[in-house]
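Inspection log for the structure reproduced underneath, given as structure tokens.
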Amino acid sequence: MNLRSVRFRITAWYGGTFAVALAFFGVVAYAGLEQYLDRILRNTLRYDGKGIAETILDRSGARPDLLAREIGKRSFNARFIRITRAGGGVVYVSEPPADHTFDPGKIGARPDIQTELSRDEHYAGPRAMMVYAYPFTASDGTRYLVETGNTYTRTRQTLLNLIWMFAWIGPLATLLAVTGGWFAIGLAMNPVREITHNAERISWQKRYERLPVPLTGDELEQLSRTLNSMLDRLEESFQRINRFSADVSHELRTPLTIIRGELESIVRQVPCSPQVLDGLGSSLEEVERLSHIVDHLLILCRLDSGDEAAQNEPVDLGQLAAGTAEQMRLLFVEKDLHLELRAPEPVIVMGVPVRLKQVIVNLLDNAIQYSRRGGTVEVIVGEEGPTAYLEVADDGEGIPAADLPHLFERFYRADKARSRTRGGVGLGLSIVKAIAVSHGGGVKVESTEGSGSRFRIELPAGNPAAASVRVESAPAVEL
């Protein structure tokens with residue numbers, strides 16, 4: 001789980017906000033319920049006190065025996081009842097409760113109270129209780145104080161039940177809210193993931209593809225349209241650059257051919273001193289080098305334009321590698337190199353034979369140049385599932401690790417393995433990669449400085465049935 005993802009952050013914020021809101025609601029509900037229960041208890045005690053004063057006390061004449069009998073006949077919510085006559089002491093007091101939750105004798109008497117009020121008694125027992133004082137004046141003018149009381153047992157139990165309810169429901173509700181929010185945000189992010197997935201697939205070869213536009217009228221639709229507009233502008237710019245490179249390369253071929261012809265004519269027809277001949281020879285070499293660069297640039301422009309995709313046909317990669325190696329036999333012999341070619345089974349790919357051959361030529365030429373005299377060049381052709389591969393390995397000087405990430409960049413030369421003195425122009429491996437990519441594949445390289453290099457071309461395997469139209473694959477070959 002990515003803790004920095006938008007989905008996680010929104011879900012965390014949503015869950016945290018919901019939990020805080022739920023906790024705040026719980027505190028408010030607890031306080032409100034507590035006040036409500038206290039008010040109900042106070043009203044109940046006042047109702048009991050008023051009933052005792054008006055229906056019992058005024059009729060019984062404050063005789064203790066009559067008071068006890070009348071109060072005993074009726075049911076009151078108050079568990080504590082005490083009647084005090086002004087100046088005459090306590091007329092009646094209830095018996096201690098059977099559960100001994102409080103002691104009536106420890107509840108302080110306050111006969112001087114002139115107005116109705118309630119108070120909490122904390123010294124009546126292990127639990128606090130509310131006592132309501134109701135002053136009353138009988139018909140004969142005698143003043144009494146009727147006190148009714150009850151513990152907070154039911155109130156506390158109700159509040160405890162509320163706490164337990166929130167203790168269970170709160171985390172469960174938060175978990176459900178977070179889970180629901182996680183999936184809801186995931187559904188909302190699906191268009192973003194689809195846009196990201198399609199954006200990752202768009203490359204130069206798939207430059208005509210565009211991002212899906214969700215018709216939602218929201219920011220995602222606007223983002224998709226903006227990105228598609230940007231891709232249109234980029235494609236137009238790339239095409240302009242590609243056309244410019246192709247036009248320049250094409251226009252350079254004619255003057256370079258003329259210059260080379262003129263120089264060769266001068267060398268053949270005009271007597272020149274050795275110094276002039278050296279200068280003309282050097283100029284011819286540079287013209288030849290420029291011609292190679294122009295040819296390579298034209299190849300890259302054609303590959304970038306994708307014009308050769310329609311020329312694909314079934315090609316036996318092993319047979320093509322064997323035939324190309326045979327044509328380059330003299331280069332191996334000149335450097336006393338040993339070639340090992342292993343392609344035991346037909347490996348069919350869909351591609352342009354000329355371009356695939358160019359890949360093999362460039363890789364073999366690269367291996368020949370940078371192999372030690374008397375060394376070995378290994379070529380392996382095979383299949384791994386839906387992928388066909390061609391590996392070219394040498395035991396030469398290798399490539400520095402710092403140069404590997406830039407090896408397939410155009411006009412890039414490594415300090416050792418890409419020296420200009422060996423005739424390289426920095427486009428051979430770029431062409432290899434461009435051809436592999438144009439065929440739906442890729443290229444990998446492994447190299448250790450001083451221990452050689454291994455290039456691996458991976459291409460989608462073609463239809464095996466196409467092998468019937470090709471010549472049988474070449475067996476293992478050694479040169």
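The values are calculated or read from the model by the stated rules, or taken from the named source; none is laboratory data. In this text the structure is predicted, and so the values were computed from the model without any measurement. Please note: Cβ atoms are built from the backbone with ideal geometry, for glycine as well, and neighbour counts cover all protein chains shown. In case anyone asks, the SASA skips ligands and DNA or RNA and just uses the protein heavy atoms, side chains included. Shrake-Rupley method; radii C 1.70, N 1.55, O 1.52, S 1.80 Å.
Each label was represented as a point 7 Å from its Cα along the Cα-to-Cβ direction; for residue 444 and residue 77 these points are 8.2 nm apart.
Extending 7 Å from Cα along the Cβ direction at residue 31 and again at residue 9 yields two label points whose distance is 3.4 nm.
Cβ-Cβ distance of residue 117 and residue 183, R₀ of 45 Å, FRET efficiency by 1/(1 + (r/R0)^6): the value works out to about 0.20.
When the residues 38, 120 are ordered by accessible surface, computed with a 1.4 Å probe over the protein chains alone, the sequence from largest down reads 120, 38.
Ranking 232, 403 from most to least accessible surface, computed with a 1.4 Å probe over the protein chains only, gives 232, 403.
For segment 104-232, a Kirkwood hydrodynamic radius built from all Cα pairs, placed in the Stokes-Einstein relation at 25 °C and 0.890 mPa s, yields a translational diffusion coefficient of 110 µm²/s. Roughly speaking, what is the centre-to-centre gap between segment 64-97 and segment 163-190 when only Cα atoms are used, to the nearest Å? Cα centroid to Cα centroid, the span is 55 Å.
Straight-line cross-link reach from residue 73 at under 19 Å between alpha-carbon atoms covers these aspartates and glutamates, not counting any fewer than eight positions away in the same chain: 48, 54, 58, 65, 95, 147. FRET efficiency for the residue 42 to residue 86 pair, using the beta carbon distance and R₀ = 22 Å, is estimated at 0.40. A Förster radius of 35 Å, combined with the Cβ-Cβ distance separating residue 193 from residue 373, puts the computed FRET efficiency at roughly 0.05.
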